[in-house]
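Following: one structure in structure tokens, then a few remarks.
The values are calculated or read from the model by the stated rules, or taken from the named source; none is laboratory data. These numbers were taken from a predicted model, which means no experiment stands behind them. Heads up, the Cβs are rebuilt from the backbone with ideal geometry, glycines too, and the neighbour counts pull from every protein chain shown.
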Amino acid sequence: MVGILLAVALTVLAAALFLPKSANAKDVIGLQAGQKDQVKKVQDYLNAISTLRARFMQITSQGNYAQGEFQLSKPGRMRIDYDPPVPVLIVSNGTIVMYKDEELDQLSYVPLSSLPASMFIGDNVDFFGEDLLITDFENAANALRLTLQRSEDLMEGSLTLVFQTQPLTLKQWAVVDAQGITTTVSLMGPEFGEPLDEQLFHVENRSLPRNDN
């Protein structure tokens, strides 16, 4: 179960909600002028976010379920604490992403740049460039949905961002991976712009030599 959820966490990082630093997206569905204005508002909203803290609920199309706390400090810093019985902690310090199995006390690392996690935690979103494709847009019943894919690898999967429109608030995102598995993350009680302790994003590095002097 833990292994499955850790794999799912990697998928969540693939969303991990905003776009890479200086990322761009290309409209491939022919947005109308009014829709482009709405997408621009979403873009400005995402760019204005500096920090985010929220409880989250995570569900996959395979029936896996977890809850926890998500904290973000742009650019690049993120922390995901899963509730028991899932002994998983994920931390990004802006360069390295650490995965910790707290039950086994095991650590593993990947470069942040190697993950589509950058789709979530960069510091500049431009929805009308070349790096990403806008493949779907829907605005109905106080909910706006925007679906994106990477233009360089359409088989990689997709990311759908879901916003409440009145007032404009990020509520949910869903990732469909290359195997067709959908992971949906819903935010509960999100707090934006609150100061977060930098120590939250500290990455343990046991490979560094210790200095006991």
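Below, the figures for the structure above:
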read-out	value
Segment 183-211, residues that are at pLDDT below 95, surrounded by fewer than 16 Cβ atoms within 10 Å (Cβ to Cβ) and polar (S, T, N, Q)	ASN205, SER207, ASN211
Of all residues making up segment 69-91, the number that are within 16 Å of the chain's Cα centre (by Cα) and surrounded by fewer than 20 Cβ atoms within 10 Å (Cβ to Cβ)	4
Candidate set: segment 119-157, residues that are of a type in the set (S, T, N, Q), surrounded by fewer than 20 Cβ atoms within 10 Å (Cβ to Cβ) and under 15 Å from the mean Cα position of the chain (by Cα); chosen: the one modelled with the highest pLDDT	THR147
Counted residues, segment 34-57 - those being small (Gly, Ala, Ser) and closer than 18 Å to PHE127 by Cα	2
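For (1) more than 20 Å from LEU144 (Cα to Cα); (2) modelled with pLDDT of 90 or more, each residue gets a yes or a no:
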| residue | (1), (2) |
| --- | --- |
| ILE4 | yes, no |
| VAL8 | yes, no |
| VAL28 | no, no |
| GLN35 | no, no |
| ARG55 | yes, yes |
| ALA66 | yes, yes |
| ARG77 | yes, yes |
| TYR82 | yes, yes |
| VAL91 | yes, yes |
